[in-house]
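Novice: There's a structure below that I have some questions on.
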Amino acid sequence: MESVTPILEFKKTCVSYTKQTMAVKYVSATIEKNTITAIMGPSGCGKSTLLRAVNLMHNLYPNIRVDGEILLNGENILTMQAIDVRRRVGMVFQRPAPFPTMSIYDNVLSGFTLNGIKLSKAEKDATIEHCLKSVALWDEVKDVLNKKGTFLSGGQQQRLCIARALAMKPDVLLMDEPTSALDPIATKHIEELLLELQKEVTILIVTHNMGQAKRISSKSMFMYLGELVEYSDTETLFSNPVDERTKAYLTGKMG
Amino acid sequence: MSTLKIKNRLYRDKLMLWIVCILAALSVGPLLAILGEVLLRGYDQLSWSFFTEPTPTAYKAMKAIEAGERIPGGIANGIVGTMIMLGMAIVIAVPAGILCGTFLAEHSNSRFAQIVSYLTDLLQGTPSVIIGIITYIWVVVPMKGYSAFAGSVALCIMMLPLIIRSTEETLKIIPASLKEAGLALGGNKARVMLKVQLPAAFGGIFTGILLAISRVIGETAPLMFTALGCSHIRFSVDKPISAVPLLIWEFFNDPNLQELIWGASLFLLLFVLTLNLIAKYLAKKWNQ
């Protein structure tokens with residue numbers, strides 16, 4: 001195995017929605033650079049909650065508490081400014097959410113607009129072309145860049161959202177079940193895309209779909225009731241799970 | 001179940017449908033009657049000069065009536081006054097209302113927002129005559145005179161709650177995913193609001209503004225205390241000014257001018273109707 005460079009580290013990370021109940025309990029794990037790590041588990045196990053802790057989405061809701069540490073390149077995210085973290089950690093949501101009032105062109109650049117960064121026309125064009133090519137959308141949309149992003153199909157919209165996130169050159173890309181609202185063919189395209197993208201960016205993906213985790217991830221986490229039950233190479237996790245709960249989930253007895 | 005019972009239930013179903021239809025027809029009946037009455041009575045008064053000339057004096061009108069001619073003049077002074085006051089009211093109420101609505105939508109849990117929200121409801125329910133007298137005390141008395149400005153303040157106060165509510169409601173039904181997507185890209189709240197949420201809510205907010213305009217354009221009571229009225233066309237902000245609803249009231253009080261009531265009413269009604277149609281069209285387009 002190649003040398004391991006940690007990029008993201010969870011250290012006893014806890015997330016609680018109310019004082020009594022913890023949605024994520026003392027998760028500790030190290031995410032390697034330029035890998036795809038899948039987070040699996042039954043509904044309500046805290047996988048999305050854990051993911052959303054990484055880009056400080058929980059800050060939006062004053063009742064939610066995040067404890068422990070999450071290190072991005074050795075720096076504790078939880079003590080950093082949210083806008084700073086979010087620039088370095090991109091996110092793609094379950095439902096494709098291109099900004100409905102913006103054209104495809106403006107959607108890709110929206111990260112810059114929202115951060116108040118001004119680009120020259122040449123820089124803009126270069127960014128657009130590069131980002132749309134890296135999500136394999138360029139050939140399909142290069143002639144309709146001024147159309148609204150919402151005109152695209154679901155799969156195309158989701159690729160547009162990935163392009164939008166990539167435009168900011170994030171270190172880590174968080175994906176919250178990015179294909180669950182898509183048909184199988186669009187899903188296949190996205191999966192191939194992610195395999196390609198891991199050269200550029202570290203991907204942390206929440207998925208309901210075990211097959212998907214198996215196909216694309218090199219490492220997998222299994223979470224249950226807020227705990228990180230098992231975390232290992234995807235191959236090992238699927239072929240030789242240690243914990244009974246993981247076994248039960250993988251064989252369909254649970255979840 | 002026996003066939004008889006099923007038949008019985010279907011029969012009752014039909015009966016209900018009929019009752020609902022009849023009641024619906026009854027409630028739109030008065031509306032159509034109003035439209036018809038105003039249209040019939042006001043139709044032949046509408047002419048080019050009706051929109052371009054100011055109100056005639058009672059003497060001129062009397063002469064015309066005696067001679068069996070059409071009453072000369074029109075309601076141009078009222079139209080100009082209404083437009084000026086509406087314009088000023090919009091300039092103040094739209095930004096303030098949108099900002100307030102934004103606050104209510106974004107901080108709906110805070111105590112302050114709850115108080116503001118309650119006060120907005122209260123303001124919406126405040127009788128317009130009270131808003132008129134308050135504006136009189138606040139604006140007319142210190143400025144030592146009736147003015148178009150005072151009138152616009154009264155209209156602005158009446159428009160505010162409608163704009164606040166429509167902004168709030170529209171922002172609340174915009175998917176949270178859009179806001180989160182904007183913030184996830186590193187935007188701060190203000191920018192995400194300005195570049196993503198408010199543009200997405202534009203249709204709803206604009207509809208709200210149009211409805212607010214059509215709500216206040218026919219207001220008479222608050223203008224009696226503030227704009228007072230004026231018999232010629234005037235463009236100054238600090239002088240008394242006329243308005244179409246004020247003219248209707250004046251025409252009613254002057255036996256010589258009574259014929260003009262219907263033309264003015266028809267104008268107001270058509271204006272409001274047009275605004276409502278545009279609002280409806282926009283809302284429909286925006287919902288797609």
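The values are calculated or read from the model by the stated rules, or taken from the named source; none is laboratory data. Everything numeric in this text was worked out from a predicted model, so none of it was measured. Cβ atoms come from the backbone with ideal geometry, glycine included; neighbour counts cover every protein chain shown. Surface accessibility is based on the protein's heavy atoms, side chains included, excluding ligands, DNA and RNA. Shrake-Rupley method; radii C 1.70, N 1.55, O 1.52, S 1.80 Å.
Novice: Can you name the helices (runs of 4 or more DSSP H) wholly within segment B:40-112 that have at least 1 residues being more than 26 Å from the chain's Cα centre (by Cα)?
Specialist: Details: elements: B:48-52, B:58-66, B:76-106.
Helices (runs of 4 or more DSSP H) meeting the threshold: B:58-66, B:76-106.
Novice: Can I ask one more? Can you go through A:N115, A:N55 and tell me which one is among the polar types (S, T, N, Q), touching a strand residue (DSSP E or B) at 6+ places or on another chain (Cβ under 7 Å) and either buried (at least 24 other Cβ atoms within 10 Å of the Cβ) or closer than 30 Å to B:K195 by Cα (or both)?
Specialist: A:N55
Novice: OK, next. Of all the residues that make up segment B:60-72, how many are under 19 Å from B:S231 (Cα atoms) and in contact (Cβ under 8 Å) with a residue 60 or more places away in the chain?
Specialist: Counting residues in segment B:60-72 that are under 19 Å from B:S231 (Cα atoms) and in contact (Cβ under 8 Å) with a residue 60 or more places away in the chain gives 3.
Novice: Going by what's in this entry, would B:G74 be described as open to solvent by less than 10 Å² (accessible area, probe 1.4 Å) and touching an Asp or Glu at 6+ places or on another chain (Cβ under 7 Å)? Outline the logic, then answer.
Specialist: Working: open to solvent by less than 10 Å² (accessible area, probe 1.4 Å): yes; touching an Asp or Glu at 6+ places or on another chain (Cβ under 7 Å): yes.
When the stated conditions are applied, B:G74 passes them.
Novice: Are there any helices (runs of 4 or more DSSP H) wholly within segment B:142-256 with 2 or more residues that are open to solvent by 20 Å² or more (accessible area, probe 1.4 Å) and within 14 Å of chain A (Cβ to nearest Cβ), and if so which?
Specialist: Values: elements: B:148-173, B:176-184, B:189-192, B:198-216, B:221-224, B:244-253.
The qualifying helices (runs of 4 or more DSSP H) are B:176-184, B:189-192, B:198-216.
Novice: Is it the case, given these coordinates, that A:N55 is within 19 Å of the chain's Cα centre (by Cα) and more than 13 Å from chain B (Cβ to nearest Cβ)?
Specialist: Judged against the criteria, A:N55 is not a match.
Novice: Next up: Name the residue that is nearest to the other protein chains (Cβ to nearest Cβ), counting only residues in segment A:61-77 that are touching a residue at least 60 places away in the same chain (Cβ under 8 Å) and open to solvent by less than 10 Å² (accessible area, probe 1.4 Å).
Specialist: Looking at residues that are touching a residue at least 60 places away in the same chain (Cβ under 8 Å) and open to solvent by less than 10 Å² (accessible area, probe 1.4 Å), I get A:L72.
Novice: Okay, next question. Among what's in segment A:15-28 and is in contact (Cβ under 8 Å) with a residue 12 or more places away in the chain, of a type outside the set (D, E, K, R) and open to solvent by 10 Å² or more (accessible area, probe 1.4 Å), pick the residue that is nearest to A:S232 (Cα to Cα). Reasoning before the result, please.
Specialist: First, the residues of segment A:15-28 that are in contact (Cβ under 8 Å) with a residue 12 or more places away in the chain: A:15-18, A:22-28.
If we keep only those that are of a type outside the set (D, E, K, R) as well, we get A:15-18, A:22-24, A:26-28.
From the residues that got through so far, the ones that are open to solvent by 10 Å² or more (accessible area, probe 1.4 Å) too are A:16-18, A:22-23, A:26, A:28.
Numbers: A:S16: 25, A:Y17: 28, A:T18: 30, A:M22: 24, A:A23: 22, A:Y26: 17, A:S28: 12 Å.
The selected residue is A:S28.
Novice: Anything in segment A:214-255 that is open to solvent by 80 Å² or more (accessible area, probe 1.4 Å) and in contact (Cβ under 8 Å) with a residue 60 or more places away in the chain? List them, or say none.
Specialist: Of everything in segment A:214-255, those that are open to solvent by 80 Å² or more (accessible area, probe 1.4 Å) and in contact (Cβ under 8 Å) with a residue 60 or more places away in the chain turn out to be A:L225, A:G255.
Novice: Return a yes/no flag: does segment B:133-140 have any residue that is more than 14 Å from chain A (Cβ to nearest Cβ), buried (at least 23 other Cβ atoms within 10 Å of the Cβ) and either at pLDDT below 95 or under 22 Å from the mean Cα position of the chain (by Cα) (or both).
Specialist: Within segment B:133-140, one or more residues are more than 14 Å from chain A (Cβ to nearest Cβ), buried (at least 23 other Cβ atoms within 10 Å of the Cβ) and either at pLDDT below 95 or under 22 Å from the mean Cα position of the chain (by Cα) (or both).
Novice: Here is a list: B:I213, B:I131, B:I209. Which entry is touching a Pro at 6+ places or on another chain (Cβ under 9 Å) and more than 30 Å from A:L109 (Cα to Cα)?
Specialist: Sole residue among the options that is touching a Pro at 6+ places or on another chain (Cβ under 9 Å) and more than 30 Å from A:L109 (Cα to Cα): B:I131.
Novice: Would you be able to say whether some residue in segment B:6-26 is of a type in the set (V, I, T) and under 30 Å from B:C156 (Cβ atoms)?
Specialist: no
Novice: Here is a follow-up. Determine, yes or no, whether B:A283 is surrounded by 22 or more Cβ atoms within 10 Å (Cβ to Cβ), in contact (Cβ under 8 Å) with a residue 40 or more places away in the chain and among the hydrophobic types (A, V, I, L, M, F, W, C).
Specialist: no
Novice: List the number of the failed condition for B:A113; all other conditions in (1) crowded, with 17+ Cβ neighbours inside 10 Å; (2) of a type outside the set (D, E, K, R); (3) more than 14 Å from chain A (Cβ to nearest Cβ) hold.
Specialist: In the conditions (1) crowded, with 17+ Cβ neighbours inside 10 Å; (2) of a type outside the set (D, E, K, R); (3) more than 14 Å from chain A (Cβ to nearest Cβ), B:A113 misses (3) alone.
Novice: Can you name every one of the helices (runs of 4 or more DSSP H) wholly within segment A:78-158 that holds 1 or more residues which are within 14 Å of chain B (Cβ to nearest Cβ)?
Specialist: A:82-88, A:104-115, A:121-134
Novice: Now, a different point. Which of the residues belonging to segment A:172-202 are in contact with a strand residue (DSSP E or B) (Cβ under 6 Å, 6 or more places away or on another chain) and either in a loop (DSSP other than H, G, I, E, B) or open to solvent by 10 Å² or more (accessible area, probe 1.4 Å) (or both)?
Specialist: A:D176, A:E177, A:P178, A:Q198, A:V201
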